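The structure that follows is given in the form of structure tokens.
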Amino acid sequence: MPDLSINFAGIKSPNPFWLASAPPTNSGYQIMKAFDAGWGGAVWKTLGVPVVNVSSRYGGVNYRDKRLVGFNNIELISDRPLADNLREIEEVKKRFPNHAVIASLMVQTRQEWHDIVRQSQDAGADGFELNFGCPHGMCERGMGSAVGQEPKVLQMIVEWVMEVATKPVIVKLTPNISDITEPAMAARRGGADAISLINTIQSIVGVDLDQFAPYPIVDGKGSNGGYCGPAVKPIALNMVKNCAQHPDIKLPISGIGGIENWRDAVEHILLGASSVQVCTAAMHFGFGIIREMTSGLEQYMVEKGFNTIYDMVGKALPNVLHWEDLNMKYKVTANIHKDKCIGCQLCYTACEDGAHQAIKLNADTRVPEIIEENCVGCNLCSLVCPVEDCITMDRTDDDTQHLTWKERTEAGTAPTEFNDEKAGGRHHWVPEPSAALGKERHKTLPGKARLYSGETVLPTEA
Amino acid sequence: MAEFSTPTTEQQFAENFAQLKPVMNRTEALYESSRCLFCFDAPCIKACPSGIDIPQFIRQINSGNDTGAARTIYEANYFGNACGKVCPTEVLCEGACVYNLQEVKPIEIGRLQSYATTKVIKSGEKLFGPGADNGKKVAVIGAGPAGISAACELRSLGYGVDVFEAKAQPSGLTVYGVAPYKITNEETLAEMAYLQAQFGYNVHFNSAISSREELAKLEDKYDAIFLGIGLGRTNELGLPGEDKINCTGAVEFISELRQHHHAVAVGRKVIVLGGGNTAMDAASESSRLGAENVILAYRRAKDEMGAYEFEYDLAKGVGVKGLFNVAPVEITGNGYVAGVKFIRTETKDGKVREIAGSEFVEDCDMVIKATGQAKQTEFLSLIPGLKLDSKGRIMANAHTGQTGNPKYFASGDAWNGGAEVVNAAAEAKLTARGIHAYLSK
Ligand SMILES: Cc1cc2nc3c(=O)[nH]c(=O)nc-3n(C[C@H](O)[C@H](O)[C@H](O)COP(=O)(O)OP(=O)(O)OC[C@H]3O[C@@H](n4cnc5c(N)ncnc54)[C@H](O)[C@@H]3O)c2cc1C
Ligand SMILES: Cc1cc2nc3c(=O)[nH]c(=O)nc-3n(C[C@H](O)[C@H](O)[C@H](O)COP(=O)(O)O)c2cc1C
Ligand code: SF4
Ligand code: SF4
Ligand code: SF4
């Protein structure tokens with residue numbers, strides 16, 4: 001059995017799965033329940049100054065029948081008394097000495113930071129996470145993302161914390177910034193032990209079409225909130241990668257954003273995270289999802305022969321390059337496997353209207369055909385095809401040549417004019433604009449039109 | 001063993017005849033509509049005789065535009081609600097859905113269709129209206145799917161429309177023939193009321209047109225006459241004993257059932273003669289009315305039955321037993337039906353041959369003849385110039401519905417020889433356009 005345990009910047013945890021600082025970590029009750037269920041650690045719901053919350057607080061993005069592919073909130077940090085939280089931290093640590101309990105903190109003045117760090121330390125917290133991320137409510141008061149967006153202020157606060165902290169300090173980064181490595185570098189300069197990312201992204205998840213107000217609605221009005229859940233994973237992965245690849249940051253990363261199963265977690269890890277945090281998925285499905293996550297991770301590690309989490313941390317990083325370093329001689333072409341095709345013709349209409357007119361329809365069959373000369377290998381058809389492995393993108397170059405844009409520029413062979421022989425689109429066939437008119441009306445017009453155009457075949461025999 | 005106990009209350013009736021395709025709720029519709037792939041040149045549309053733009057209306061349901069979905073449906077088919085429930089979707093749209101090729105359950109197109117239309121019917125939302133009055137008038141004979149569809153389309157084109165119906169309720173066999181577990185009377189009539197409120201045609205009930213004089217009056221008063229008269233009574237078999245009490249025609253039995261529900265009595269052992277869809281319906285219905293034994297007797301082999309496979313499965317599912325390769329020769333009994341004398345048959349070179357000396361009597365106390373509906377040839381002979389083909393079907397232009405008598409147009413069962421509601425609705429819409437073309441000349 002692979003070893004799932006981690007030592008994250010000095011914080012030990014039986015597995016890399018932590019609950020992110022959020023409602024699921026609002027109380028000792030919830031965290032004990034989560035540890036009982038199998039979670040390795042928890043970042044306590046942010047402790048700080050007294051706050052008052054509004055009702056309602058959450059908004060969701062549904063995709064067709066799928067609920068909460070995106071989630072947003074306008075909630076603030078913990079609204080429970082600090083003393084209660086500290087007492088419960090102590091209780092949890094007593095009962096679960098080997099699990100990671102991390103205190104998330106957000107206050108304003110140097111004195112306040114010193115006080116709260118000491119108090120949490122005394123309560124037994126294994127480490128700290130400085131919340132410089134909350135994109136609503138707290139930033140107006142000069143905290144949260146207001147700090148996260150100002151590298152200098154961020155660095156200063158980290159320095160204050162480091163003055164008294166005896167346990168590892170993680171800085172949680174806000175994604176509401178153009179270059180995530182800047183606050184990460186500031187954290188490093190301030191002496192932080194690790195970073196975690198991402199916090200929520202400023203968002204409006206939807207507008208009520210009857211009340212003309214953004215969700216979630218508070219007495220007919222709304223405010224921007226913080227976006228998270230499955231929809232933000234791609235943004236989080238990119239930011240984790242940016243921090244992990246940066247030559248000077250060199251801090252352990254706790255990956256957060258859109259993680260709801262083992263695959264999401266592995267993706268974060270392969271791009272450089274060595275612990276992962278989960279909020280929305282636990283809010284949606286409860287703590288029970290941990291069983292699928294650990295078993296999936298274990299299975300994956302066994303299959304890949306990884307003994308510890310560290311065997312896989314950042315394993316995909318060498319393969320994430322700049323665009324200019326990609327091999328332009330590599331070529332794939334779409335290939336439809338006739339036996340699997342169900343004839344929905346989504347690939348046809350996607351390539352015809354949305355790509356390169358490289359798929360055609362033939363009489364007497366619903367299976368479309370790839371026009372190989374026109375296929376640029378964009379993947380679109382294979383992405384829209386509803387059948388697994390029905391359209392494969394097969395390699396068609398002979399794997400003998402390698403040439404990147406950078407190499408071309410350096411060799412002076414990059415195209416400089418549109419009619420340059422070396423330009424990509426030159427020999428690509430595009431139909432005359434007027435050939436589009438009326439081309440598929442008989443196939444795309446509603447039934448009524450078919451009926452009147454006489455296309456509907458009327459029964460003559462009973 | 002009876003599958004069902006005899007229903008004695010409306011509630012028990014509703015339980016025994018529970019809807020096969022109950023109307024979806026919003027959640028169900030959301031989930032099901034989410035599965036639709038929005039196929040290009042969708043095969044489901046092609047398989048729909050009325051050419052409803054199925055992916056479009058499903059997408060409308062999915063985005064919360066149920067009203068728009070209903071409009072899409074009604075623009076192609078005025079019996080959109082009924083069709084969603086009564087169409088043999090297994091062999092039409094749903095049978096063509098691409099999911100079948102993946103061995104995945106096809107989209108429940110019919111139920112989604114009734115979902116959207118039920119919603120507008122219930123709200124009474126105005127989606128359509130008559131066109132500007134063009135001063136011309138059309139008489140419609142028969143308020144079935146064909147007649148009502150023609151009336152709607154003609155009204156939208158600005159014609160004054162009077163519908164003459166022999167019976168007391170509109171929708172023809174939809175309310176007098178289709179099995180009660182497919183659609184309820186309330187549902188059928190609600191759609192009829194909705195259409196009439198939208199389009200404002202007049203319907204004269206209990207007004208059979210049956211004489212040359214009545215036809216002459218219509219010819220005088222109207223610019224065109226639409227024939228949507230459907231088919232007639234159950235064919236006589238010409239067997240000895242056919243007039244015995246409890247020997248009835250399927251169409252007549254079902255019509256009673258639709259109107260009087262559990263007040264209709266069925267025998268303890270029922271023999272249904274025939275192998276078509278109507279026979280399957282009558283057999284299923286007998287069983288659901290509490291008959292202990294229901295036997296479906298057919299002259300040929302099982303796989304030669306005209307009924308759709310799923311209809312036979314449905315009958316088998318409620319305990320109906322098949323008796324194949326038998327031809328009835330006599331209905332036995334003394335005043336009341338006591339049995340059917342059959343002779344065994346075999347099929348050779350496509351011809352059914354009776355096997356001499358193989359007669360036997362199967363006891364029963366009720367016989368339902370599902371041996372096809374007669375054509376209304378006598379009535380149709382009153383229309384000069386109108387021609388029928390060898391099977392008694394009205395001959396008319398395939399695109400305009402115009403008959404040998406240019407003033408008369410026809411659609412539906414009377415023309416196609418007996419198909420489905422959807423065919424009548426689709427044909428009538430086209431024929432209304434044919435009338436319009438003729439009168440606009
Ligand atoms: C038992 C049975 C079950 C069926 N089940 C289904 C099913 O599940 N699904 C499906 O899609 N289809 C089913 N059908 C077929 C479907 O009902 C018909 O195809 C459809 O109703 C035909 O419509 P129509 O308007 O042509 O004729 P009809 O529905 O027969 O309507 C004709 C109307 O004209 C009236 N009429 C006739 N003569 C005159 C006259 N001289 N003067 C005034 N009025 C007149 C009649 O009273 C009737 O109301 C079934 C048919 C039967 C018999
Ligand atoms: C309702 C709610 C409240 C949150 N409160 C906090 C908080 O107090 N402190 C904090 O650092 N992050 C807070 N977050 C952010 C989460 O810890 C996490 O960074 C974010 O939700 C992304 O992870 P996810 O995609 O798994 O949800 C909150 C998120 C939500 C949804
Ligand atoms: S998208 Fe896939 S299943 Fe659909 S027609 Fe194309 S190849 Fe066939
Ligand atoms: S890969 Fe792109 S260009 Fe090639 S057939 Fe598919 S959609 Fe068209
Ligand atoms: S064939 Fe099926 S999946 Fe495709 S559009 Fe029609 S209902 Fe939707």
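Scan segment A:299-319 for residues that are out of contact with any strand residue (DSSP E or B) (no Cβ under 8 Å at 6 or more places or on another chain), surrounded by fewer than 17 Cβ atoms within 10 Å (Cβ to Cβ) and farther than 28 Å from A:C390 by Cβ and jot them down.
Within segment A:299-319, A:V302, A:G305, A:D311, A:K315, A:L317, A:P318 qualify.
Continuing with this model, one more query. Can you give me the number of residues within segment A:55-93 that are assigned to a loop (DSSP other than H, G, I, E, B), within 12 Å of ligand 2 (Cβ to nearest atom), open to solvent by 40 Å² or more (accessible area, probe 1.4 Å) and not charged (D, E, K, R)?
1
Among B:A18, B:A47, which is the only one that is more than 9 Å from chain A (Cβ to nearest Cβ), within 16 Å of ligand 1 (Cβ to nearest atom), of a type outside the set (F, W, Y) and closer than 25 Å to A:V387 by Cβ?
Of B:A18, B:A47, the one residue that is more than 9 Å from chain A (Cβ to nearest Cβ), within 16 Å of ligand 1 (Cβ to nearest atom), of a type outside the set (F, W, Y) and closer than 25 Å to A:V387 by Cβ is B:A47.
Can you tell me which residue in segment B:64-80 is nearest to the other protein chains (Cβ to nearest Cβ), limited to those that are surrounded by fewer than 22 Cβ atoms within 10 Å (Cβ to Cβ) and of a type in the set (G, A, S)?
Here the residue is B:G64.
When both residues are 6+ apart or on different chains and their Cβ atoms are under 8 Å apart, which pairs have a first residue that lies in segment B:203-225 and is more than 25 Å from B:R433 (Cα to Cα), and a second that is open to solvent by less than 60 Å² (accessible area, probe 1.4 Å) and part of a helix (DSSP H, G or I)?
Pairs found: B:S210/B:F379.
Condition test on A:T349, is it within 14 Å of chain B (Cβ to nearest Cβ), hydroxyl-bearing (S, T, Y) and surrounded by 14 or more Cβ atoms within 10 Å (Cβ to Cβ)?
yes
Do you know which of the residues in segment B:27-44 that are part of a loop (DSSP other than H, G, I, E, B) and not small (G, A, S) is farthest from the other protein chains (Cβ to nearest Cβ)?
Once the filter is applied, the top-ranked residue is B:C36.
Checking A:W262 against (1) free of Cβ contacts under 8 Å to residues at least 24 places away in the same chain; (2) touching a Gly at 6+ places or on another chain (Cβ under 7 Å): exactly one of these is not met. Which one?
With respect to (1) free of Cβ contacts under 8 Å to residues at least 24 places away in the same chain; (2) touching a Gly at 6+ places or on another chain (Cβ under 7 Å), A:W262 is out only on (1).
Please go through segment B:6-26 and pick out each residue that is part of a helix (DSSP H, G or I) and closer than 30 Å to B:G267 by Cβ.
B:E10, B:Q11, B:Q12, B:F13, B:A14, B:E15, B:N16
For A:D398, which of the numbered conditions (1) more than 22 Å from A:E440 (Cα to Cα); (2) more than 13 Å from ligand 3 (Cβ to nearest atom); (3) in contact with a helix residue (DSSP H, G or I) (Cβ under 9 Å, 6 or more places away or on another chain) fails to hold?
The one condition A:D398 does not meet is (3).
Going residue by residue through segment A:244-264, is there one that turns out to be in a helix (DSSP H, G or I), acidic (D, E) and in the same structural domain as A:H136 (by TED's automatic domain parsing)?
So far as segment A:244-264 goes, yes, one or more of its residues are in a helix (DSSP H, G or I), acidic (D, E) and in the same structural domain as A:H136 (by TED's automatic domain parsing).
On to the next question. So which residues in segment A:355-413 are within 14 Å of another protein chain (Cβ to nearest Cβ), away from ligand 4 (no atom under 15 Å from the Cβ) and surrounded by 15 or more Cβ atoms within 10 Å (Cβ to Cβ), if there are any at all?
Correct list: A:R366 only.
Something else: I'd like the full set of residues that are within 15 Å of B:L237 (Cβ to Cβ) and open to solvent by 30 Å² or more (accessible area, probe 1.4 Å), limited to segment B:334-351.
B:K341
Next question, about the same structure. May I ask you to list the residues in segment A:27-50 that are among the small types (G, A, S), open to solvent by less than 10 Å² (accessible area, probe 1.4 Å) and assigned to a loop (DSSP other than H, G, I, E, B)?
Once the filter is applied, which keeps residues that are among the small types (G, A, S), open to solvent by less than 10 Å² (accessible area, probe 1.4 Å) and assigned to a loop (DSSP other than H, G, I, E, B), segment A:27-50 yields only A:G40.
For segment A:298-310, does any single residue satisfy the condition of being touching a His at 6+ places or on another chain (Cβ under 7 Å) and either within 14 Å of chain B (Cβ to nearest Cβ) or not hydroxyl-bearing (S, T, Y) (or both)?
The answer is no, given that none of the residues of segment A:298-310 is touching a His at 6+ places or on another chain (Cβ under 7 Å) and either within 14 Å of chain B (Cβ to nearest Cβ) or not hydroxyl-bearing (S, T, Y) (or both).
Moving on to the next point. Would you say A:C344 is away from ligand 1 (no atom under 16 Å from the Cβ), under 24 Å from A:K66 (Cβ atoms) and surrounded by 13 or more Cβ atoms within 10 Å (Cβ to Cβ)?
Yes, satisfied.
Conditions tested, residue by residue: (1) closer than 24 Å to A:L361 by Cα; (2) free of Cβ contacts under 8 Å to residues at least 60 places away in the same chain; (3) of a type outside the set (A, V, I, L, M); (4) open to solvent by 10 Å² or more (accessible area, probe 1.4 Å).
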| position | (1), (2), (3), (4) |
| --- | --- |
| B:T27 | no, yes, yes, yes |
| B:F40 | yes, yes, yes, yes |
| B:N62 | no, yes, yes, yes |
| B:A82 | no, no, no, no |
| B:E94 | yes, yes, yes, yes |
| B:C97 | yes, yes, yes, yes |
| B:S114 | no, no, yes, no |
| B:S123 | no, yes, yes, yes |
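When only residues in segment A:158-183 that are of a type in the set (S, T, Y) and under 17 Å from A:A146 (Cβ atoms) count, which is least open to solvent (accessible area, probe 1.4 Å)?
Applying the filter and picking the extreme gives A:T174.
Only one of (1) in contact with a Lys or Arg (Cβ under 6 Å, 6 or more places away or on another chain); (2) more than 15 Å from ligand 1 (Cβ to nearest atom) fails for B:Q102. Which number is that?
Every condition holds for B:Q102 apart from (1).
Next question. Scan segment A:262-275 and give yes if some residue there is among the aromatic types (F, W, Y), under 20 Å from the mean Cα position of the chain (by Cα) and closer than 26 Å to A:T392 by Cβ, otherwise no.
Yes: segment A:262-275 contains one or more residues that are among the aromatic types (F, W, Y), under 20 Å from the mean Cα position of the chain (by Cα) and closer than 26 Å to A:T392 by Cβ.
The values are calculated or read from the model by the stated rules, or taken from the named source; none is laboratory data. Just so it is clear, the structure is predicted and the values come from calculations on it, not from any experiment. All Cβ positions, even for glycine, are placed from backbone atoms using ideal geometry, and neighbour counts span all protein chains on display. For accessibility, only protein heavy atoms count, side chains too; no ligands or nucleic acids. Shrake-Rupley method; radii C 1.70, N 1.55, O 1.52, S 1.80 Å.
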